[in-house]
Amino acid sequence: MAEGRGELLPRPPLHLSLPPASKRPCLRPAPRGPGPGPGPGFPNSRFRCPESLLDCAAKAVAEKWAFERVEERFERIPEPVQRRIVYWSFPRNEREICMYSSFQCRVAGEEGPVVGSSSSVGSGTVPGGVTNTPGSAGTGGTGDGLPFRRGIRLLETGCVDNVLQVGFHLSGTVTEPATQSEPETTHKVAISFDRCKITSVTCGCGNRDIFYCAHVVALSLYRIRKPEQVKLRLPISETLFQMNRDQLQKLVQYLITAHHTEVLPTAQKLADEILSSNSEINQVHGAPDPTAGASIDDENCWHLDEEQVREQVKQFLSQGGYYGSGKQLNSMFAKVREMLRMRDSNGARMLTLITEQFMADPRLSLWRQQGTGMTDKCRQLWDELDHVPTACARVDALRSHGYPREALRLAVAIINTLRLQQQRQLDIYKHQKKELLQRGMTNTTNLEGWVGHPLDPIGCLFATLTETCRVEDDNTMDTGDSGEPKPPVYQHVPVWGCPDGGESYLALALEVALMGMGQQRLMPEGLYAQDKVCRNEEQIVAKLQEMELDDILVQTLRKQAILLLEGGPFRGLGAVIHRESVPMHTFAKYLFTARLPHDTDLAYKLGLRAMRLPVLESTAPSGDVGHPHHGISIVPSRYPRWFTLGHLESQQCELASTMLTAAKGDMLRLRTVLEAIQKHIHSSSLIFKLAQDAFKIATPADNPPDITLLNVALELGLQVMRMTLSTLNWRRREMVRWLVTCATEVGLRALVSILQSWYTLFTPTEATSIVAATVMSHNTILRLSLDYPQREELASCARTLALQCAMKDPQNCALSALTLCEKDHIAFETAYQIVIDAASTGMTYSQLFTIARYMEHRGYPLRAFKLASLAMTHLNLAYNQDTHPAINDVLWACALSHSLGKNELAAIIPLVVKSVHCATVLSDILRRCTMTAPGLAGIPGRRNSGKLMSTDKAPLRQLLDATISAYINTTHSRLTHISPRHYGEFIEFLSKARETFLLAQDGHIQFAQFIDNLKQIYKGKKKLMMLVRERFG
């Protein structure tokens, strides 16, 4: 698409001027191929179809990305994709159209009172101060004359026609029906949009108002309600890309012919400049396209006529009457609040325009010079301070316009108002305290938080008050040793006009910051708003940390800290708060650190109260006591989506770590902090981090360990074990090893305790392979410097644990149990019996072979033979599994049996014949058994004949028959699906089979018969049979 973003054509009469230089070149060739229509899923479909993946992606891109970013990201964008992005870029919510077309925002079909206005409007003037004309709001207490209502009527009566969407530009005509005094008129309407917001509007009605006229409303609603009836084209630059030179020339000439009276002078001027090689227009690649959407650098906000906002304020100040126009001002501020509630950037923008226009009024400086009072109109505007963020925006406007003294006075007035509000809230809580504490929950909260607000009221007041207290230093830009700028230096400046001179602006700055941070407020919805709350809170805390606390500031902080604790549901650190309140962890960490040197008890009260995270702890209350008052609302319970929950939990962990570090050596304080952690922190990973931090602080490298803090670390570690025992955690092994290390540092009793209560902390595998094995290691014994009775006590606990684990999970713990019980005969025999009992039910051949090898290694060959025999009963080796991992175990088991004697070999061969069907494995076993005499292990009490065993007698005769049978079966199986490239391999296989056949007395006869059978059965495989004859006759 085209890079440039030109303006829409202005209202008639048409005047064309040289468009601005293109922001990006129109050089990319347009994609070919047909594009889709509106597609399924549009609002007016009778049958709703699921949206395609293309539509889902296009909706997300259209709402979040400027199209220029899409073009930069992808070299070629298929035309169907472009169409869907363009299609979904138009606004989809009628409420937003309503908000920008009237002071009263109520969508069609809704009931109830309108927002931001009285129940009726005067007949001569509409909200906005514009006389009632066909292009502005009409009369009537029901709101039927508002542009939005009139736009709906125009749409529903079929007055919208010729609707065309070209790229990000929508145009059409809207016809006003004839009246008794006015003929029928048709107005051309044009709308530009980007990322689901209308960015500019033009209407031929000539309406001059803050909000959109009824014709713009009608066209917008037509596009929202009837998208399938709107002809959709890609931006005009894409169409031009597809034309050749002759087509382009024809287009230009026809366009000039159709509008020669308007565009001919401009067309000639542009032609002259293009033909001039040195002209400015030739220095820029590409050309502007008003239909190509916004640029990346363009602000994405709804169209707001700034000139008309200023004009409305100017008209309000110049009109003589007071009561008749008061509604106008109320409506304007109501609209600002509505926009701010919707997180619309135009709310702050409109408020700034109102304030700047007021400050630019020439009468303000005249009243200041003459010392006279304001008129009622100006006083009404000045006194619009009921809303704290709005009032703080006024403070910021006064500062920026050169009125620092007035800004300070207004800031002090706001703080006095907040103090009164704080006192009223405290009085209300005193009457409700008993019932609230009994219930333990509340629905009372502040819907609008000051921290994270778009207007940043707390930051504004803090900056205004500290600005006058800052000590100017010629070297303020110097950096310290760390390379960062030095923090500002403040001094106390008395509040102007204060009767006793006891207050300073610096103390007020600290007070208002504490009041704002401590406000109990609801967590806003959405990732952006929640992230902004966190960042704004951290910014304010960083500014507070730059203040050096003297006696005055320490007393201010103490006073506010007490009010925070006693403020009930209105303060973030009150005893009972709303379950969705913004947590106070970051703020409380600052309070704890600041109060700790001066009042330890108060510091811990603040820190412990702030440890809670109600959204993860409490259930939703069903009701509340009392009544809402100024700034407070009763909010029904909901299930919020906290995008920043991970960050909030990490801040909670930092607060806990700070208190643990400060409480080192104080057993009572440590126990209190530990209980708070166990109650309020719900993340096992964060509790583990706290345990590690406590352990590190408790065991300094150059000092003896702090046993109280070590015990806290151990308690936290035990809680982590219990929390993660039945849940998956990738750090579980690390946690188990760390706990054993921590218990070792605490001492023998801690190790005995975790061994005795292992079933509540560890899995059987963890308990035997990690815990008991580490406890019984030589390093642990040396670390604890244990005497013999202590070592025996520890070993006895470990053996008991091992046997319990082996009983509970023999498959995974039997071998570890045997290893741990080696030095105790009774325990070892018990562990062995557990293995034997479990062998027939739950254990696999692999586990049994492993334990059998262990038994032979420890000098128990007969027990190893028994376990190997049990393992063989679980094994099944198919004819084609000649690379099975159990083959080595089978060969080992047979070698063990052979070494023990003829009886053991005779016992295991039937098991081998039953379990192993692979001919090559059986022949290997047979070959090994015939190479040496059995019984070479030299079992005491047994005689060894020293004779080799014959394959014609038991037990090898049974093995030989099974091997020959396996070769025959395998041969037939391989011949079923053999291919020519495997013929050579097959002949070698038959050669090995012959070697086995010849071990029998009549083996050569059997093999010859076997070969003859093959020739007869598989005579169709001529080439293969020819190879068989060549080798075997």
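The values are calculated or read from the model by the stated rules, or taken from the named source; none is laboratory data. These figures come from a predicted structure and were not determined experimentally. Methodologically, a virtual Cβ is constructed for each residue, glycine included, from the backbone with ideal geometry; neighbour enumeration extends over all protein chains shown. Protein only, heavy atoms only, side chains kept; ligands, DNA and RNA dropped before computing areas. Shrake-Rupley method; radii C 1.70, N 1.55, O 1.52, S 1.80 Å.
Considering only residues that are surrounded by fewer than 21 Cβ atoms within 10 Å (Cβ to Cβ) and farther than 18 Å from Leu751 by Cα, which ones fall in region 783-814?
Scanning region 783-814 gives Met807, Lys808, Asp809, Gln811, Asn812.
Go through region 815-838 residue by residue and tally those that are assigned to a helix (DSSP H, G or I), open to solvent by less than 10 Å² (accessible area, probe 1.4 Å) and under 16 Å from Thr774 (Cα atoms).
2
Would you pick out the residues in region 742-761 that are surrounded by 16 or more Cβ atoms within 10 Å (Cβ to Cβ), touching a residue at least 40 places away in the same chain (Cβ under 8 Å), under 13 Å from Cys797 (Cβ atoms) and not aliphatic (A, V, I, L, M)?
Selection gives Trp758 alone.
Which residues, counting only those in region 145-172, are surrounded by 13 or more Cβ atoms within 10 Å (Cβ to Cβ) and charged (D, E, K, R)?
Arg149, Arg150, Arg153, Glu156
What tally of residues in region 83-95 results from selecting those that are out of contact with any Pro (no Cβ under 7 Å at 6 or more places or on another chain) and either modelled with pLDDT under 85 or open to solvent by 30 Å² or more (accessible area, probe 1.4 Å) (or both)?
4
Across region 953-989, what is the number of residues that are surrounded by fewer than 19 Cβ atoms within 10 Å (Cβ to Cβ) and in a helix (DSSP H, G or I)?
Step one: list which residues in region 953-989 are surrounded by fewer than 19 Cβ atoms within 10 Å (Cβ to Cβ), which gives 953-954, 957-958, 961, 965, 968-969, 972-989.
Among the residues that remain, those that are also in a helix (DSSP H, G or I) are: 957-958, 961, 965, 968-969, 972-976, 980-989.
Result for region 953-989: 21.
Just need a number here: residues in region 645-696 that are outside any helix (DSSP H, G or I) and either within 25 Å of the chain's Cα centre (by Cα) or not basic (Lys, Arg) (or both).
The initial filter retains those residues of region 645-696 that are outside any helix (DSSP H, G or I), namely 663-666, 681-683.
This time we only want the ones that are either within 25 Å of the chain's Cα centre (by Cα) or not basic (Lys, Arg) (or both), so: 663, 665-666, 681-683.
Residues flagged as outside any helix (DSSP H, G or I) and either within 25 Å of the chain's Cα centre (by Cα) or not basic (Lys, Arg) (or both) within region 645-696 amount to 6.
When you go through Leu716, Leu739 one by one, which is the residue that is within 18 Å of Ala694 (Cβ to Cβ), within 28 Å of the chain's Cα centre (by Cα) and open to solvent by less than 60 Å² (accessible area, probe 1.4 Å)? Give the steps one after another, and end with the answer.
On the way: Leu739 fails: within 28 Å of the chain's Cα centre (by Cα).
When all the criteria are applied, what remains is Leu716.
Counting just the residues of region 173-208 that are more than 38 Å from the chain's Cα centre (by Cα), within 15 Å of Ile97 (Cβ to Cβ) and in contact (Cβ under 8 Å) with a residue 40 or more places away in the chain, which one comes out surrounded by the most Cβ atoms within 10 Å (Cβ to Cβ)?
Looking at the filtered set, the residue picked out is Val174.
Out of curiosity, is Thr841 open to solvent by 20 Å² or more (accessible area, probe 1.4 Å), at pLDDT 95 or above and either not in a helix (DSSP H, G or I) or not acidic (Asp, Glu) (or both)?
Numbers: open to solvent by 20 Å² or more (accessible area, probe 1.4 Å): yes; at pLDDT 95 or above: no; either not in a helix (DSSP H, G or I) or not acidic (Asp, Glu) (or both): yes.
No.
Considering only region 496-518, state which residues are assigned to a loop (DSSP other than H, G, I, E, B) and either surrounded by fewer than 22 Cβ atoms within 10 Å (Cβ to Cβ) or of a type in the set (Ser, Thr, Tyr) (or both).
Of region 496-518, the ones assigned to a loop (DSSP other than H, G, I, E, B) are 496-503, 518.
Answer for region 496-518, where residues must be assigned to a loop (DSSP other than H, G, I, E, B) and either surrounded by fewer than 22 Cβ atoms within 10 Å (Cβ to Cβ) or of a type in the set (Ser, Thr, Tyr) (or both): Trp496, Gly497, Cys498, Pro499, Asp500, Gly501, Gly502, Glu503.
So is Phe67 at pLDDT 85 or above and open to solvent by less than 10 Å² (accessible area, probe 1.4 Å) or not? Talk me through it step by step, then tell me what you get.
On the way: at pLDDT 85 or above: no; open to solvent by less than 10 Å² (accessible area, probe 1.4 Å): yes.
No.
Taking region 45-90 as the region of interest, how many residues are of a type in the set (Phe, Trp, Tyr), outside any loop (DSSP other than H, G, I, E, B) and closer than 22 Å to Lys226 by Cα?
First, the residues of region 45-90 that are of a type in the set (Phe, Trp, Tyr): 47, 65, 67, 74, 87-88, 90.
Now narrow it down to the ones that are outside any loop (DSSP other than H, G, I, E, B): 67, 87-88.
Okay, now just the ones that are also closer than 22 Å to Lys226 by Cα, so 87-88.
Here the count works out to 2.
Would you mind telling me which numbered condition in (1) in contact (Cβ under 8 Å) with a residue 60 or more places away in the chain; (2) hydrophobic (A, V, I, L, M, F, W, C); (3) closer than 11 Å to Gly151 by Cβ Leu232 fails?
Status for Leu232: all satisfied but (3).
Show the residue pairs meeting these rules: Cβ distance below 8 Å; 6+ apart or different chains; first residue within region 549-568 and closer than 21 Å to Pro488 by Cα; second residue surrounded by 17 or more Cβ atoms within 10 Å (Cβ to Cβ) and among the basic types (Lys, Arg).
These pairs meet every condition: Leu557/Arg595.
Report every pair of residues separated by at least 6 positions or lying on different chains whose Cβ atoms are under 7 Å apart, first residue within region 147-170 and on the phi > 0 side of the Ramachandran plot and outside any strand (DSSP E or B), second open to solvent by less than 30 Å² (accessible area, probe 1.4 Å) and polar (S, T, N, Q).
Gly167/Thr291
Okay, residues lined up against (1) within 23 Å of Arg95 (Cα to Cα); (2) modelled with pLDDT under 90; (3) out of contact with any Lys or Arg (no Cβ under 6 Å at 6 or more places or on another chain):
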| site | (1), (2), (3) |
| --- | --- |
| Gly172 | yes, no, yes |
| Glu182 | no, yes, yes |
| His187 | no, no, yes |
| Ala190 | yes, no, yes |
| Cys205 | no, yes, yes |
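Of the residues Ile978, Ile1017, Ile987, Ile1011, only one is touching a Gly at 6+ places or on another chain (Cβ under 8 Å) and either farther than 26 Å from Arg863 by Cβ or among the basic types (Lys, Arg) (or both); which?
Working: Ile978 fails: touching a Gly at 6+ places or on another chain (Cβ under 8 Å); Ile1017 fails: touching a Gly at 6+ places or on another chain (Cβ under 8 Å); Ile987 fails: touching a Gly at 6+ places or on another chain (Cβ under 8 Å).
Going through Ile978, Ile1017, Ile987, Ile1011 in turn, the sole match is Ile1011.
For Gly1020, state whether it is at negative phi, loosely packed, with under 13 Cβ neighbours inside 10 Å and either among the β-branched types (Val, Ile, Thr) or modelled with pLDDT of 90 or more (or both). So that I can check it myself, show each step before the final result.
Numbers: at negative phi: yes; loosely packed, with under 13 Cβ neighbours inside 10 Å: yes; either among the β-branched types (Val, Ile, Thr) or modelled with pLDDT of 90 or more (or both): no.
No; evaluated as a whole, the condition is false for this residue.
So for region 765-781 (the condition being at pLDDT below 95, part of a helix (DSSP H, G or I) and over 50 Å from the mean Cα position of the chain (by Cα)), does at least one residue qualify?
No: region 765-781 contains no residue that is at pLDDT below 95, part of a helix (DSSP H, G or I) and over 50 Å from the mean Cα position of the chain (by Cα).
Please work out which residue is surrounded by the most Cβ atoms within 10 Å (Cβ to Cβ), limiting yourself to region 602-658 and to residues that are aromatic (Phe, Trp, Tyr) and modelled with pLDDT of 60 or more.
To start, the set of residues in region 602-658 that are aromatic (Phe, Trp, Tyr) comprises 604, 639, 642-643.
In the following step, the residues that additionally are modelled with pLDDT of 60 or more were identified as 604, 642-643.
Values: Tyr604: 21, Trp642: 19, Phe643: 15.
Out of the qualifying residues, it is Tyr604.
Quick one: how many residues across region 536-565 are open to solvent by 30 Å² or more (accessible area, probe 1.4 Å) and in contact with a Phe, Trp or Tyr (Cβ under 8 Å, 6 or more places away or on another chain)?
3
Taking region 209-248 as the search range and keeping residues that are more than 17 Å from Ser89 (Cβ to Cβ) and of a type in the set (Gly, Ala, Ser), which one is nearest to the chain's Cα centre (by Cα)?
Per the stated criteria, the residue is Ala218.
What helices (runs of 4 or more DSSP H), lying completely within region 375-471, carry at least 3 residues that are modelled with pLDDT of 85 or more and buried (at least 20 other Cβ atoms within 10 Å of the Cβ)? Can you show your working first?
On the way: elements: 376-382, 388-400, 404-439, 457-467.
It comes to 404-439, 457-467.
Answer with yes or no whether Arg349 is out of contact with any Phe, Trp or Tyr (no Cβ under 7 Å at 6 or more places or on another chain), of a type outside the set (Gly, Ala, Ser) and at pLDDT below 70.
On the way: out of contact with any Phe, Trp or Tyr (no Cβ under 7 Å at 6 or more places or on another chain): yes; of a type outside the set (Gly, Ala, Ser): yes; at pLDDT below 70: no.
Criteria not met by Arg349.
Do we find that Gly574 is in a helix (DSSP H, G or I), on the phi < 0 side of the Ramachandran plot and open to solvent by less than 10 Å² (accessible area, probe 1.4 Å) in this structure? Give the derivation first.
Working: in a helix (DSSP H, G or I): no; on the phi < 0 side of the Ramachandran plot: yes; open to solvent by less than 10 Å² (accessible area, probe 1.4 Å): yes.
No, not satisfied.
At least 2 residues that are of a type outside the set (Asp, Glu) and loosely packed, with under 11 Cβ neighbours inside 10 Å in each: list the helices (runs of 4 or more DSSP H) lying fully within region 227-298 that qualify. Working first, answer last.
Details: elements: 236-241, 245-258, 260-275.
The qualifying helices (runs of 4 or more DSSP H) are 245-258, 260-275.
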